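> The structure's right below; bear with me while I get my questions together.
The values are calculated or read from the model by the stated rules, or taken from the named source; none is laboratory data. Bear in mind the structure is a predicted one, so any value in this text is a computation, not a measurement. Cβ placement follows ideal geometry from the backbone for every residue including glycine, while neighbour counts extend to all protein chains displayed.
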Amino acid sequence: MAVLEQQGCPPSASAVTQGYGTAGQIQAGVMAANDYCSPLSPPWDASQDPPGPGFPRLSDLLGHLFGAVPGMRRGPDLGIRVELDLAECAFGTTRELTVDTMVACPTCSGNPAEPLTYPEPCDIRDGPGEIRQLVPPVIGQVMASGVGPGCDGYARVLASPCLDCNGAGWARARRTIKVRIPAGVADVTQIQLPGEGEAGRSGAPAGDLFLEIAQRPHPIFERRGDDLHCTVFIPMVAAALGVTLSADSLDGPADIDIRPGTQSGQVVPLDGYGVRHLNREGRGDLLVHVMVETPASLDPEQRRLLSELAMLRGEELPAGPFVLG
């Protein structure tokens, strides 16, 4: 299982390359007549369809340079969105996911013929399931490999295709996968499960399954990286005298020491109470933002006591100071 830390990246951009076979090549030079099984055709316009069945457009020829064989590709990749709570993202969890995918046909086990029967060699060519033809020169003369029209590139013909899958070799099924979500995942983190995607045809490897994490909002904590942020409101007297508060955290109740003279907007850190780091040791912090509340209404006794405090501190007529901003 690979965890890919990408932002907003779709599963096609997750550095997973398609694996292909080695047949289906373009070879330089003029080939002998017995090297292909289709007669040569007159030159054709590159903007039109190539002559004869099974031949790709000129824009597709580069794929043959790398040995791609149509029909023999690995199965397609799949993507699933998985929603997690903040605590599940912070500490990890295990989920059972139900997915609908193409799997090897249970009747023929991926061999698309009826039980006790076997595919026959393609009558066009007993080889890699390809036919070849010269194409107009772009840089030199090349020989293009195309899919055999009788076997669709498999070099074999099904005399008795499987009745359950109609010769496809696969069938759609619902299955359950148990997945371990590591600690520290976040929004749009992708988890790659190799071989858990769609099945490939005729024994080709299956694709991969990509899980994209979606973290649900938390009613108290805001996540920024691996740190958690929250806000606490305290009265001005508590801010002036100091106080110890009991606050909730992902680990349970935690004590927050508000020192005397704490100002509104000051941040009190709780080290190691944040989210665990992904693929490494340690955790982020819980940062508590303190907001000091000033009373909007006072009774006569409260006003008298505050007035006396102002006289003692010489704050009857505060002069500022004023600063830029």
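Results for (1) β-branched (Val, Ile, Thr); (2) modelled with pLDDT under 95; (3) closer than 30 Å to THR93 by Cα; (4) not in a strand (DSSP E or B), shown as yes or no for each residue.
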position: LEU228; (1), (2), (3), (4): no, no, yes, no
position: THR231; (1), (2), (3), (4): yes, no, yes, no
position: SER246; (1), (2), (3), (4): no, yes, yes, no
position: ARG280; (1), (2), (3), (4): no, yes, yes, yes
position: VAL292; (1), (2), (3), (4): yes, no, no, no
position: SER297; (1), (2), (3), (4): no, yes, no, yes
position: ALA310; (1), (2), (3), (4): no, yes, no, yes
position: ALA319; (1), (2), (3), (4): no, yes, no, yes
position: VAL323; (1), (2), (3), (4): yes, yes, no, yes
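> Just the residues that are surrounded by 20 or more Cβ atoms within 10 Å (Cβ to Cβ) and not hydrophobic (A, V, I, L, M, F, W, C), please, taken from the range 180-197.
GLY184, THR189, GLN190, GLU196, GLY197 - these are the residues of the range 180-197 that are surrounded by 20 or more Cβ atoms within 10 Å (Cβ to Cβ) and not hydrophobic (A, V, I, L, M, F, W, C).
> Now for a separate question. Determine whether GLU315 is closer than 27 Å to GLU88 by Cα and part of a loop (DSSP other than H, G, I, E, B).
no
> Residues being within 27 Å of PHE91 (Cβ to Cβ) and either assigned to a loop (DSSP other than H, G, I, E, B) or of a type in the set (A, V, I, L, M) (or both): count how many of those fall in the range 165-214.
Within the range 165-214, residues that are within 27 Å of PHE91 (Cβ to Cβ) and either assigned to a loop (DSSP other than H, G, I, E, B) or of a type in the set (A, V, I, L, M) (or both) number 20.
> If you don't mind, there's one more thing I want to ask. In the set LEU286, LEU278, LEU241, which member is of a type in the set (A, V, I, L, M, F, W, C), under 30 Å from ALA183 (Cβ atoms) and out of contact with any Leu (no Cβ under 9 Å at 6 or more places or on another chain)? Outline the logic, then answer.
Numbers: LEU286 fails: out of contact with any Leu (no Cβ under 9 Å at 6 or more places or on another chain); LEU241 fails: under 30 Å from ALA183 (Cβ atoms).
Unique residue meeting the criteria: LEU278.
> Is it the case that the range 163-175 has a residue that's assigned by TED's automatic domain parsing to the domain that holds GLY92, modelled with pLDDT under 90, of a type outside the set (Lys, Arg) and loosely packed, with under 13 Cβ neighbours inside 10 Å?
yes
> Give me a count of the residues in the range 243-280 that are surrounded by 14 or more Cβ atoms within 10 Å (Cβ to Cβ) and either under 19 Å from PRO295 (Cα atoms) or free of Cβ contacts under 8 Å to residues at least 40 places away in the same chain (or both). Break it down into steps so the answer makes sense when it comes.
Kept after step one, since they are surrounded by 14 or more Cβ atoms within 10 Å (Cβ to Cβ), are these residues of the range 243-280: 243, 245, 247, 249-251, 254, 256, 258, 262, 264, 266, 268, 270, 273-278.
Filter again for either under 19 Å from PRO295 (Cα atoms) or free of Cβ contacts under 8 Å to residues at least 40 places away in the same chain (or both), leaving 243, 245, 249, 251, 254, 256, 258, 262, 264, 266, 268, 270.
The total comes to 12.
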